[in-house]
Amino acid sequence: MLVQFGDCRIELCQGDITEQEVDAIANAANDLLAGGGGVDGAIHRVAGPTLMNETRTLYPDGCPTGSAVATTGGRLKAKYVFHAVGPIWDGGQQGEAKLLESAYRTCLELCREHNCDSVAFPAISTGVYGYPMDLAAEIALNVARNFVVEYNSPKLIRFVLFSDGASGAFARVLESMTE
Ligand code: ADP
């Protein structure tokens, strides 16, 4: 599914983010940038040791929740990885929505800084961090739409969803944006 906003496209696909041929992919990292399971583990495995070497050297203090930092893509097809730190879900009253929104938004700002026309995102915080998928989809797609409407870039934002549940939740929200 895809929706065009001005010159920009927001699209959904089901698959593996490590295989995406885009300028940058976002990672769902933790605040220590310490590596982990899930999508983070998959990205580091495919990209190789360059990523961890870069995060250790460039960001020894990690990255605060709600923000993101850039490294190169190592052996990935993507030139950059934006390591975004989403919030851990704690019932929804602890500022989780704002933090998730700013994690996505920082990645989109990094696209502009690094001249990336295309970026792929996983559903940040919806795995081990427990963010409810439908609420996360709403935030992710709203940030993406608002950003492209404001800046007319990046030209492509792709959400790469790993499960039928994630695909369904994102599709429902994106569809509602076209009504
Ligand atoms: P978090 O700690 O932010 O919750 P996870 O890695 O546990 O991060 O999960 C984030 C989302 O990424 C989940 O919806 C999970 O199903 C999905 N995911 C896991 N592996 C991949 C992958 N290779 N490509 C895309 N999405 C993935």
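The numbers here are math on the coordinates, done by the rules we state, and not lab data. The structure presented is a predicted model; accordingly, all values stated were derived computationally and were not measured. We place every Cβ from the backbone using ideal geometry, glycine too, and count neighbours over all the protein chains shown.
Please work out if Ala47 is of a type outside the set (Phe, Trp, Tyr), within 23 Å of Gln14 (Cα to Cα) and in contact with a Ser or Thr (Cβ under 9 Å, 6 or more places away or on another chain).
Criteria met by Ala47.
Using the structure shown, decide if Thr18 is outside any strand (DSSP E or B), of a type in the set (Ser, Thr, Tyr), near the ligand (Cβ under 10 Å from one of its atoms) and surrounded by 15 or more Cβ atoms within 10 Å (Cβ to Cβ).
So Thr18 fits the description; yes.
Kindly establish whether Ala144 is more than 23 Å from Asp90 (Cβ to Cβ), in contact (Cβ under 8 Å) with a residue 40 or more places away in the chain, away from the ligand (no atom under 15 Å from the Cβ) and among the small types (Gly, Ala, Ser).
When the stated conditions are applied, Ala144 passes them.
Condition check: more than 24 Å from Pro49 (Cα to Cα), out of contact with any Ser or Thr (no Cβ under 9 Å at 6 or more places or on another chain) and either in contact (Cβ under 8 Å) with a residue 40 or more places away in the chain or assigned to a strand (DSSP E or B) (or both). Does Ala120 satisfy that?
For Ala120, the condition - more than 24 Å from Pro49 (Cα to Cα), out of contact with any Ser or Thr (no Cβ under 9 Å at 6 or more places or on another chain) and either in contact (Cβ under 8 Å) with a residue 40 or more places away in the chain or assigned to a strand (DSSP E or B) (or both) - is not met.
Looking at the stretch 80-106, which of its residues are within 12 Å of the ligand (Cβ to nearest atom) and not in a helix (DSSP H, G or I)?
His83, Ala84, Val85, Gly86, Pro87, Ile88, Trp89
Sort out which residues of the stretch 41-55 are in a helix (DSSP H, G or I), over 19 Å from the mean Cα position of the chain (by Cα) and surrounded by fewer than 16 Cβ atoms within 10 Å (Cβ to Cβ), and write them in order of number.
Of everything in the stretch 41-55, just one residue is in a helix (DSSP H, G or I), over 19 Å from the mean Cα position of the chain (by Cα) and surrounded by fewer than 16 Cβ atoms within 10 Å (Cβ to Cβ), namely Asn53.
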